[in-house]
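Here's the structure, in structure tokens; my notes come after.
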Amino acid sequence: MKKTIILSLAAMTLATSQASAQTEDSIAPAAIVYPYLQPLSAHEEVNAAIMSMHFDKASTALKKLIATAKRKKESTADLDRLVARCQKGESGLRGVDKMLIVDSLVISKKEFLKAYPLSPELGTLTSSEKGDIVQYQTQMGGMVLRPESVSTESGETLQIKRHYLENGQLTEDEQMEGLGIDGDINYPFLMPDGQTFYFAARSTEGYGNYDLYVTRFDSDSQRFYHAENMGFPYNSYANDYMLAIDEDAHLGWFASDRYQPADNVCIYTFIPNPSRQTIDYETTDLEEVRVNASLHPLASISLSDEQQQAIASAKKRMKQLATSAVSTRTPDFEFVLNDTKTCYRLDDFTSAEAQKLCGEWLQKSKNLTSLNEQLQQLRDVSPTATQQVLNLETRIVELQNEVHTLEKSIRHLELTQ
């Protein structure tokens, strides 16, 4: 049984470099500077054009480079791949999502999760020391989704594995089937519906570095659908990752190191659309499309009166979330003693023995949740595994009795003080 926790995973050092600033006359606006892990090519002029989404200028420059290479009888394979990247980027500009950005906050990457005011109902995100690996745990703590290093023919990659908590330890991992991504997969977030799954991946299929993807679970095949790249403006040619959505607050967050110096990241707060609403490429000024696709500069994105009102309302919700996080002491659990008294933390008990037994009750309750989740999954995936189902059902009944006995003992000890 694996006991390694996420904070002990080897941190993957992300080397960054910056594209040199270019003037508008050369290729890219002077204000646009990206840190990026892997330079798109050895040609900085092409890099700057692609990252600023001036794909027409990049294509023109590439044609000249390809012609020169052919005259010299040199390989054009790398340049041809860049041409394909430009074509993909140009296609992406035709499907830019109409995203309403409510706020943006620059923060150290090591502490970036502090900018996510997620309620306990959405689960828990835990970051490695450098902020480069994040695991997700469901609300009740029964299931854990975590990136783990896996050896492949091409080297070590991160893959998200599913675990369950049992007796305080993680069960053996299970592969997340059906994502269809060849490369590093990281930063998981599962919506409360248990079906919609967001994550970030770094592969040759994306725009570059970490991109955000979304998929849903197919209950018929018991695997996820092939994940879809979320496109612009969620993604760029820098690192874009850790998307989370609070449907109740009608707010979402994602991180990006576009336009940021090394070790910093910008957390964008946005209003999630119920479905993708793309900007009309044919009737919208191309520079306006680029601005909306790149989120740069934010201040130049034109907004209607209705959109401005929506943002103002979202800022009020943000303030309420922030106030709630500061003023509300989040309960660790809820243990009802009688009609007038409920304990939310161990130190709420006056009896030391009741406090000790409550610790056991908490652990057994978590184990019970984990076993129920395993039972449900076994019924879904292997309906013919009759003996395994019976064994789990027997253990669940035993554990339910143990939990009930502990509850009675705790109440007796606390109420007879």
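Per-structure values
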{"item": "Phi-based couplings in Hz for the range 168-176 (Karplus 6.51, -1.76, 1.60; Gly and Pro marked x)", "result": "x, 10, 7, 6, 4, 6, 10, 6, 7"}
{"item": "The range 228-240 - phi-based ³J(HN,Hα) in whole Hz, Karplus 6.51/-1.76/1.60, Gly and Pro as x", "result": "10, 5, 7, x, 7, x, 4, 10, 8, 9, 9, 9, 10"}
{"item": "Long-range HN-HN contacts of Lys161 with modeled amide H, under 5 Å", "result": "Arg146, Glu148"}
{"item": "Inter-label distance for Glu247 and Glu402, nm, one decimal - labels placed 7 Å from Cα along Cα-to-Cβ", "result": "3.4"}
{"item": "Aspartates and glutamates with Cα under 18 Å of Lys356, excluding same-chain neighbours fewer than 8 positions away", "result": "Asp332, Glu334, Asp347, Asp348, Glu402, Glu407, Glu414"}
{"item": "Dimensionless Rg ratio for the range 308-417, taking C-alpha atoms and the 2.2 N^0.38 Å reference", "result": "1.55"}
{"item": "Dipole of the chain, positive end: most advanced residue of Ser203, Val397, Thr416 [Cβ charges, Cα centre]", "result": "Ser203"}
{"item": "Stretchable slack from Tyr225 to Lys88, in nm (0.36 nm times residue separation minus alpha-carbon distance)", "result": "47.1 nm"}
{"item": "Surrounding net charge for Arg162, when Lys and Arg each add one and Asp and Glu each subtract one, Cβ distance under 11 Å", "result": "-4"}
{"item": "Whichever lysines have a C-alpha closer than 24 Å to that of Lys73, once near sequence neighbours (fewer than 8 apart) are set aside", "result": "Lys63, Lys64"}
{"item": "Sites Arg216 and Ser409, calculated FRET efficiency, Cβ-Cβ separation with R0 56 Å, nearest 0.05", "result": "0.80"}
{"item": "Above-threshold pairs, the threshold being 30 Å between Cα atoms, out of Lys70/Lys98; Lys110/Lys315; Lys319/Lys366; Lys110/Lys319; Lys110/Lys161; Lys110/Lys341", "result": "Lys70/Lys98; Lys319/Lys366; Lys110/Lys341"}
{"item": "Within straight-line cross-link reach of Lys316, aspartates and glutamates at Cα separation under 20 Å, skipping those fewer than 8 residues along the same chain", "result": "Asp103, Asp246, Glu247, Asp248, Asp305, Glu306"}
{"item": "Likely footprinting exposure, Ser236, Ser203, Ser127, fewest C-beta neighbours within 10 Å first", "result": "Ser203, Ser127, Ser236"}
{"item": "Helix axis angle, 55-71 relative to the chain longest principal axis, alpha carbon, degrees", "result": "60"}
{"item": "Expected-Rg normalisation [2.2 N^0.38 Å, Cα atoms] applied to the range 100-327", "result": "1.03"}
{"item": "DSSP-loop GluC sites (Glu not before Pro) across the range 269-378, with at most 13 other Cβ within 10 angstrom", "result": "Glu282, Glu334"}
{"item": "Computed [θ] at 222 nm, deg cm²/dmol, the chain (DSSP H ≥ 4; -39,500 (n - 2.57); rounded to nearest 500)", "result": "-11000 deg cm²/dmol"}
{"item": "Simple Cβ-charge dipole of the chain, Lys/Arg +1 and Asp/Glu -1, about Cα centre, in debye nearest 20", "result": "660"}
{"item": "Angle between the chain longest axis and helix 77-93 axis [Cα atoms, degrees, rounded to 10]", "result": "70"}
{"item": "FRET efficiency for Val106 and Thr340, using Cβ-Cβ distance with R0 set to 45 Å, rounded to 0.05", "result": "0.40"}
{"item": "Relative contact order for the chain, counting Cα pairs under 8 Å that sit 6 or more residues apart, in percent", "result": "15"}
{"item": "Efficiency of FRET from Cβ geometry, Gln307 and Gln363, R₀ 60 Å, rounded to 0.05", "result": "0.80"}
{"item": "Gain in span if fully extended, Lys114 to Ala67, counting 0.36 nm per residue against the direct Cα distance", "result": "11.9 nm"}
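Laboratory data are not the source of any read-out in this text; all were calculated from the coordinates shown. Given the structure is predicted, the values throughout are model-derived calculations rather than measurements. Here Cβ is always computed from backbone atoms with ideal geometry, including for glycine, and neighbour counts include all displayed protein chains.
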